[in-house]
Amino acid sequence: MQYYCGRGYENETIASILEKLMSYKQVQSPEEVGAIIQQLRKRIGIRQDDMAAIVGRSHVTLRDVEKGKASVAIGTVLQLLDELGVRVYLDVPS
């Protein structure tokens, strides 16, 4: 187990520090992922068609992602999340 000894974080694991700094959301459906993408896009003030252009997709594809359509390619979803600064972690059983 690694410990960070910086000011204010003595004897805490790196994971516990990150947990305090990050906002984790458990998602269980494409609709939940789409809603998060839409919220983040709106929070930073990017229009749907502009966001689509940034990731090289059509505004229809972005609309489908934000509506939670399960048929959207996972690569597209991961690309959007990355562009919005979202890191994706999988909690894999040992």
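The values are calculated or read from the model by the stated rules, or taken from the named source; none is laboratory data. These numbers were taken from a predicted model, which means no experiment stands behind them. Cβ: placed from backbone, ideal geometry, glycine included. Neighbour counts: every protein chain shown.
Table for the structure above
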{"read-out": "Qualifying residue in region 73-87 (condition: charged (D, E, K, R), over 15 Å from the mean Cα position of the chain (by Cα) and either surrounded by 15 or more Cβ atoms within 10 Å (Cβ to Cβ) or at positive phi (or both))", "value": "no"}
{"read-out": "Residues satisfying the stated conditions in region 50-80, i.e. of a type in the set (A, V, I, L, M) and in a helix (DSSP H, G or I)", "value": "Met51, Ala52, Ala53, Ile54, Val60, Leu62, Val65, Ile74, Val77, Leu78, Leu80"}
{"read-out": "Verdict on Gln39 being closer than 18 Å to Arg87 by Cα, assigned to a loop (DSSP other than H, G, I, E, B) and at pLDDT below 95", "value": "no"}
{"read-out": "Index of the failed condition, Arg57 passing every other in (1) within 17 Å of the chain's Cα centre (by Cα); (2) modelled with pLDDT of 95 or more; (3) surrounded by 15 or more Cβ atoms within 10 Å (Cβ to Cβ)", "value": "(1)"}
{"read-out": "Boolean, Arg87 is at pLDDT 95 or above and of a type in the set (D, E, K, R)", "value": "no"}
{"read-out": "Qualifying residue in region 15-30 (condition: in contact with a helix residue (DSSP H, G or I) (Cβ under 7 Å, 6 or more places away or on another chain), at pLDDT 95 or above, of a type in the set (Ser, Thr, Tyr) and at negative phi)", "value": "no"}
